[in-house]
Every structure is written in structure tokens, then in C-alpha cells.
1. Can you name the residue in the stretch A:288-306 that is in a helix (DSSP H, G or I) and open to solvent by 60 Å² or more (accessible area, probe 1.4 Å) and, of all such residues, is nearest to A:Arg66 (Cα to Cα)?
2. Pick from the stretch A:250-265 the residues that are within 14 Å of another protein chain (Cβ to nearest Cβ) and at pLDDT 95 or above: which of them is farthest from A:Leu198 (Cα to Cα)?
3. Yes or no: B:Glu268 at pLDDT 95 or above, within 13 Å of chain A (Cβ to nearest Cβ) and open to solvent by 20 Å² or more (accessible area, probe 1.4 Å)?
4. Report, by residue number, each residue of the stretch B:133-147 that is at pLDDT below 95 and either open to solvent by less than 10 Å² (accessible area, probe 1.4 Å) or among the charged types (D, E, K, R) (or both).
5. Given the residues A:Arg208, A:Arg190, A:Arg182, which is the only one that is closer than 25 Å to A:Thr335 by Cβ, basic (Lys, Arg), out of contact with any Asp or Glu (no Cβ under 7 Å at 6 or more places or on another chain) and without any contact (Cβ under 8 Å) to a residue 40 or more places away in the chain?
6. Does B:Val285 fit the bill of being surrounded by 15 or more Cβ atoms within 10 Å (Cβ to Cβ) and over 27 Å from the mean Cα position of the chain (by Cα)?
7. Select, from B:Ala151, B:Ala155, B:Ala130, the only residue that is open to solvent by less than 10 Å² (accessible area, probe 1.4 Å) and modelled with pLDDT of 95 or more.
8. Can you pull out the residues in the stretch B:178-202 that are open to solvent by 30 Å² or more (accessible area, probe 1.4 Å) and under 20 Å from the mean Cα position of the chain (by Cα)?
2 protein chains.
Amino acid sequence: MNLTEMGKRATAVKYRLQALTTEEKNRALEHAARMLREHASEILTANARDLQQGRDNGMHSGLLDRLLLDSGRIDAMAQGLEQVAALPDPVGELLESFERPNGLRIEKCRVPLGVIGIIYESRPNVTADAFALCFKAGNAVILKGGSDALASNRAIAQVLRQALEDCGIDGDAIQLITDTDRAVTMQFMRLKEYVDVLIPRGGAGLIRAVVENSTVPVIETGTGNCHIYVDKDADIDMAIPIIINAKTQRIGVCNACESLVIHEAVREALLPRLQKALAEKQVEVRGDERVCAAMEGAVPAAEEDYGREYLDYIISMKTVDSLEEAIDHINRYSTHHSESIITADPAAAERFLNGVDAACVYVNASTRFTDGFEFGFGAEIGISTQKLHARGPMGLRELTSYKYRITGKGQIRG
Amino acid sequence: MNLTEMGKRATAVKYRLQALTTEEKNRALEHAARMLREHASEILTANARDLQQGRDNGMHSGLLDRLLLDSGRIDAMAQGLEQVAALPDPVGELLESFERPNGLRIEKCRVPLGVIGIIYESRPNVTADAFALCFKAGNAVILKGGSDALASNRAIAQVLRQALEDCGIDGDAIQLITDTDRAVTMQFMRLKEYVDVLIPRGGAGLIRAVVENSTVPVIETGTGNCHIYVDKDADIDMAIPIIINAKTQRIGVCNACESLVIHEAVREALLPRLQKALAEKQVEVRGDERVCAAMEGAVPAAEEDYGREYLDYIISMKTVDSLEEAIDHINRYSTHHSESIITADPAAAERFLNGVDAACVYVNASTRFTDGFEFGFGAEIGISTQKLHARGPMGLRELTSYKYRITGKGQIRG
């Protein structure tokens, strides 16, 4: 099917989705969860085809693991749908209401965005996760997954469509682009007439390509060059486990710490102890001169190191002589995702919270908490690193817009 | 100065603007208002040059009027700054606060967007208005006005910069692009590294050009193909003044009514009376067959008429047999700006409010109320017709983003 036709179908279904009750949506999500479990063998068969093709094409093991489904992962997808069903419905929420002197009554109400496009890479579970969040927030979704995962995505989408139709809901609420031609993806990014918002989910290259080519409004998600700043009044015993957690608990995620900023006053107390802890995890340190002087095994950092999201067992380190210098350094190199200060001084914490420009600014905690589940949103579609619309973890509410409902008694403008 | 340099300057100043107190901002706005009045003669001299050049280039009278400044209009600009000074400061507002089971305390706080770019046409007052709103919301602004108004804009911006500097604030909080080369405007739309959001203010052509070429996130403002639907249970005595007001009170604005949708049951009662009222204002009617049959002087509408924003003394009219048909017709041709139903039936009103997809949906009132002042926002930067970030009239709050401030006691992720 061509994209214009898909856009028309999404538009035709979106107003019907907006009118579904919470119960109707939840029933469909729960049924879809059951269906995923019941049809696990078909999904695994399709996934085996994707994996075989990946191996034939020489795909490396990390990517093959992302692509892999097994019954545990299918069950996790199903559980994801059930969790979204259990979340409160954002649609219809009254955000504000006020009356004007002329008697007009104005209500600001939460409404779905309409049609959401998602462009993602090789994890097939995104097909179910993204559908569930968009659907619960009352939106139609058009998905474009990685071509490596096409058979898996097709099988999952087919089950989800069938589940909707079993519940009397138009299956076009979820549509999957199956044409792997790059020109089709480009056209998708310009399907402004039918798509209200595009959300890219993937690495920096994918996100950049979407931002540069899209005429549809984009929510930019995710790259994180996250810093931890150890202040002169930091509790070193607290700093070390936070740094180890943020750097090494999962290295490939956007909220992992990539750079440490150290106040000169704690440099000599912190670094030798930190070196031991990092060495246990085999983390390479790239530091400035003062860092290298205090830390065995550290190698000199190039200026570019401070701007890098390593997603690896590497950390850059920079010494500063003041809190202000730390804030300036972070604002300069940050991707505005998650930044943390370790300090026992409330005034320093406040200056850091105010001065650092990021979606999430932490005091005495790991940057790893930037996550929809950890924030209590129940689920997330991604972490926004832009300032328009939504910033930080994006749950159901961030997949909505609002409208003003104005009720009068014949008022005209003078 | 080249754009990259302007971007760097805006970035350098933006964090300082975010730290200004409400009092510091208000004092600067009030001083800028005084300065505009004091320097009126220089601004008028510059404006005379723009007008002369416009006349030399054969600019038509409507455009010349938009370009024209006089002491009344300069005073209105100054009053605009004073009004913005009097509005509440949105920056720092605590939007939400909650504690997680692990003891992390999360606060969602309103922060400035950062650097806002505005691209506008020939009205020089936008230079002062846009600056005031962006500045009060804590943002640096880079302005690109119409080349027709360059001398006027330059004079106004110079006064505003001076006023800021008199108050100890860096003048780079307002920068004006004076290079009228089209390539520079294109480069401005791709200044993603330095500009957080672009807001085009002007006609459909300008907005389309910005949406298609920008890599900076855009807030789309403005075109309005606004409908009034006269339901079968409408009070005709209420409908007529509303239609006349919405169509004719100001024809060139985005919230003017461009199309009327009429339930068959009221067609014969409404149209002859409406015809008289519209004829007095010399409004041309383009209608379907049933409209033409009931209305003297109406000419047949082409299908394209239903999608047109006339901005003129012309209105299209369409007959429908049900409320649902009216909603479908409006959702098909609407620019999702402002739509109104005239009805005495609360159930019909509710279905219209829910079913019509627009920033502002009215019951028994003129579409002309879609306006920041009329909504009580005190001022507006424009009317958003997109669903991302802000919808409808955009005041100070819509020129902000938020950040999460998270305070812990050493929490790490398990």
C-alpha cells in the first residue's frame, strides 16, 4: 500500500479512536496481550527468518541480540500491553477552566495528537510498545521499523490488528510500512498532511536524518552525553557508587554517565579511590592533566572527548576550580539530557539545579533514573532532549495535545 | 555579523537571561517603553525611508499601511511593553512535584525555551511585541523581519538594545538579522545548534517555506479556514449577528469565518434573513445548490472554495443533513484553528466540541475570540495551528519549556 493511502486510512480512523472509552481501549490492549502470547509461535517463526537473514548478512552479535525474540521477550511485550492498559487514560482530562468577563466559559482539555509516526531500528518489541502507548493516548500510529526486523514486525503488527478487529476497532489504528526503500522513508518524513508528529527511536544517526529531512513536527529523543559533577562539598562515599552505577550499570543507554567533572578541592581525595572502583569494571579514563596526575592509568583526553557519548566502558574527566566553571562546561558539552551534582551543600545544589540546562537535573543521585518507569509514568515512548512540547521521559500525557472548548450565549467581538 | 556569530551570542546570553529576576525584567521592559516614546522621531525617520522605498517599488496601499508607523502606533508599541511587564512571570513556576518510592523527590519546573527565532513580514511593531514576550519569558530572541521594514526594525531594535544595556542587561538578548539575502534566511532556518524554536508570523506562503526548510523545531502559526455550523436547533436570532461578526468585523485575520455550514432544517429560515445582513456588508456568497436555491445572489461554489481562506468579503456555504455530516465536512476542510456551532441543544454542542478537531471549538459564539487578549493571556505571539507544544493563542507560558529537578540521598539504580 502506498504512503498516501496509509495516511488517508490513519486520518479516517483517528477521530474514531478519539471517541473510544477508556474501557474499550483497555479491553483491546488486554486482548492484544493474550493474542501475542497465543500467537507466539508464528512470531518466533517470523523472527527466525529475520535472524537467519541477519546472520547471512554478517550482522554482529550485539545487533542479532537486539533482533532476537524468545518466549520470554514475547511475554514481556504482552505484559507491556497489560501495564499500559492499567495506566490512567490521559484523554479528556480538564487541564484548566476559566470564565472571561464577557461570560465566555473556556475549558482546556487534553486530546490525542491524532496520527503518530514512529521510525525505529531493529528491536521488534518497539512495534508492540509504541502501538500500546499511542493507542491508549487515543492516537493512530504508523510504524516504520528497521528492515532487519521486517518479518518479526509484520507478524507482531498482524496480531495487534487482528486483536483490535476482534474488539470491533478498525485495524488501521496500527499500520506498518513494509516497503524498505529509503525513498519511502523519506516520503514518510514529509507526510505532513496526514501525520501529526514523528518520533524517531534509535541512535544519533537516525535521529539526525529525521530532524534534517522531516517536514512533519519531530520529537527528538535521546542522545545523552550525561555528566556527574563532584562538588567541593561532596560526600566521597556517596559519589563513588553513584558514578559506578551511572557509568557501568548499563553502558549502552542514553542516561549512562559519559563524563565526570571534578572540583579541584576533592580531586586528590576522590580519584585514587575512584580509580580502583572503575578498574574493577575495566573502565578507561580519559582525563585532563590534573586528572592524569592523580589517577593511575588515565590517558589524556582530547577536547572532542568532552563532547562524546561513548556508550562504552570509557569515561572522560575534567577538573574545574568552581561550581560556575562546572556549570559552564556542562552547558557547553551537554546534550541536555541528564546531569547530576554530588554535594552536601544545599546552596550549591540549588545553583546547579537552576544553572544547568537539561531535561533532568539531579542532586546526589545517579543519572540512570531518567526513565518513564523510574519517574512513575508507567511506561515511556522515549526521552525527549528537545525543549518543544515534551522534555525528559515521555509517557502517555506527552502523546497528547489539547484543545480549547469555549461556550457562549451569543457573544460577538466588539 | 554572520549568523553563527549571532547564534553564539544568543547562546552566551541565554543563561544569564534565565537568571534575571521578575523585577529586573519588568524594569527593563518599562524602561524600553519609555525609550521607544523618547526616540519616536528617530524611529519615524527610519520608517519614512522604508515607506519611500515601498512607494518607489510600487507597494500597494494595504502593504504600505502595514508598514506605516506614526506616534500613535509607537505609543501602542510602548504600551505593549508595559502590558507585558505587568503580566505574571511564567519562569520558575512549579508545575508538579512528587516523590518516588525510593525517596527521589522530583519537581517539574517551568524554564525558558532558550533562544527563539522569529521570522515575520512587514509590520515593524512585531519587532517590539515579539521581543517583549520572549524576553519576559526569559528567552533571547533573534528576529528576521521583512526587508521592506528593515530601517524601521533596525531603529526599533537599536532602542530596545540600548534600553537593556541601560539596565545592565546584555543587548544581545535581542538581535536583528539585517542581511536581506534569501540564503541568509535559509541558513537561519537551519541554525539548529543555537536556536531552540522558530516561530514564523505571516501569511501561508511564509509559514510553508519555514516548515519545509527548517531543521529548527517550528511552531506553526496561523492560517484559519474557520467554520460556523448552524445546527437544526440553532437560534436564528443569535446565529445572524455571530456570522456577521465572524465574517466581517475584520476580514484579514486568521480567526475570521470563511465558511458556513447549514443544517437543512434551518436553511430556508436562515438564508433569506442572512442574505440581507451579508448584502449590507457586500459579502459574496459561494454556495452549494441548496444554498443558491434559498439565497438570492449566491453563486455556485467549486469544491476548492471549501478549502479556501479568503481573507476577503467572500464566504462559502454548504448544506448538510446531520450534525455528523457537518463535523466530517469541517474536519476535512478545516485548518484546525477555530470552529463554532450555533445550537440550543446541549447534546449537539457536546458532540461538536468533542468531534471537531481544532485548537478552539466554540458553542454559540464568534470565532473572532481566538486571541491571546480575549483569552486573558494578556498578549500573544501568535495562534498555533499545530498540535505539538502549544495549540491556540500562545502567550508567555507557551514560550517556555520545563525541566525536572530531582533530589536524592545517594540513590543508585538497581
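The values are calculated or read from the model by the stated rules, or taken from the named source; none is laboratory data. These numbers were taken from a predicted model, which means no experiment stands behind them. Heads up, the Cβs are rebuilt from the backbone with ideal geometry, glycines too, and the neighbour counts pull from every protein chain shown. Heads up: the accessible areas ignore ligands, DNA and RNA and are worked out on the full protein's heavy atoms, side chains in. Shrake-Rupley method; radii C 1.70, N 1.55, O 1.52, S 1.80 Å.
1. Looking at the filtered set, the residue picked out is A:Glu304.
2. This residue is A:Cys257.
3. Answer is no for this residue.
4. none
5. Selected residue: A:Arg208, the only one of A:Arg208, A:Arg190, A:Arg182 that is closer than 25 Å to A:Thr335 by Cβ, basic (Lys, Arg), out of contact with any Asp or Glu (no Cβ under 7 Å at 6 or more places or on another chain) and without any contact (Cβ under 8 Å) to a residue 40 or more places away in the chain.
6. Considered against the rule, which asks whether it is surrounded by 15 or more Cβ atoms within 10 Å (Cβ to Cβ) and over 27 Å from the mean Cα position of the chain (by Cα), B:Val285 comes out as yes.
7. B:Ala130
8. Residues satisfying the conditions are B:Asp196, B:Arg201, B:Gly202.
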